[in-house]
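In what follows, a structure is listed as C-alpha cells, so that the remarks can point back to it.
The values are calculated or read from the model by the stated rules, or taken from the named source; none is laboratory data. Keep in mind that this is a model prediction, so the values were computed, not measured. Note: ideal-geometry Cβ built from the backbone for every residue, glycine included; neighbour counts use all protein chains shown.
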Amino acid sequence: MISLQKLSLFLFILSFGLLSEENVMAGSHEDGERLLEESQYTKAENLAISLLTNNPSDPKAEFILTRAWIGIAREERKRGNYDRAKQFFQKAYLK
C-alpha cells in the first residue's frame, strides 16, 4: 500500500508541474507583448498561432495575433507592398 508520505510527495510534484505550466503560458503572452513592442510582428504572429494551437479560445493570443497582423500590414505599406498590406489589414479586420 502507498504510504501517506509518498502520496503527498506525488501530489506536491504534480501540482508543481501544473503551476509551472501556467507560468509558461503567462510568460508566452508576455513574450508576445514584448515582441509587439519591439516591432517583431512576424515572431509575435508565430507565437500567437502556437498559443492558439494549444488553446483555440485564448483571447489574449487572439489579440496578439490581430495586433501582429496590423503591424505587418503597416510595415508592408511602408515598403510599398500595398496588396500584401491590404491582405494583413483584412485578416485583422475579419478577426
Outside any helix (DSSP H, G or I), modelled with pLDDT of 60 or more and surrounded by 10 or more Cβ atoms within 10 Å (Cβ to Cβ): is that true of SER39 in this structure? yes
Can you tell which of ARG67, ARG77 is surrounded by 18 or more Cβ atoms within 10 Å (Cβ to Cβ) and either touching a residue at least 40 places away in the same chain (Cβ under 8 Å) or among the charged types (D, E, K, R) (or both)? ARG67
Would a scan of region 66-78 turn up a residue that is modelled with pLDDT of 95 or more and not in a helix (DSSP H, G or I)? no
Answer yes if at least one residue in region 16-27 is within 29 Å of GLU76 (Cα to Cα) and either assigned to a helix (DSSP H, G or I) or modelled with pLDDT under 95 (or both), and no otherwise. yes
Restricting to region 42-64, and then to whatever is closer than 16 Å to LYS91 by Cα and acidic (Asp, Glu), can you tell me which residue is surrounded by the fewest Cβ atoms within 10 Å (Cβ to Cβ)? GLU62
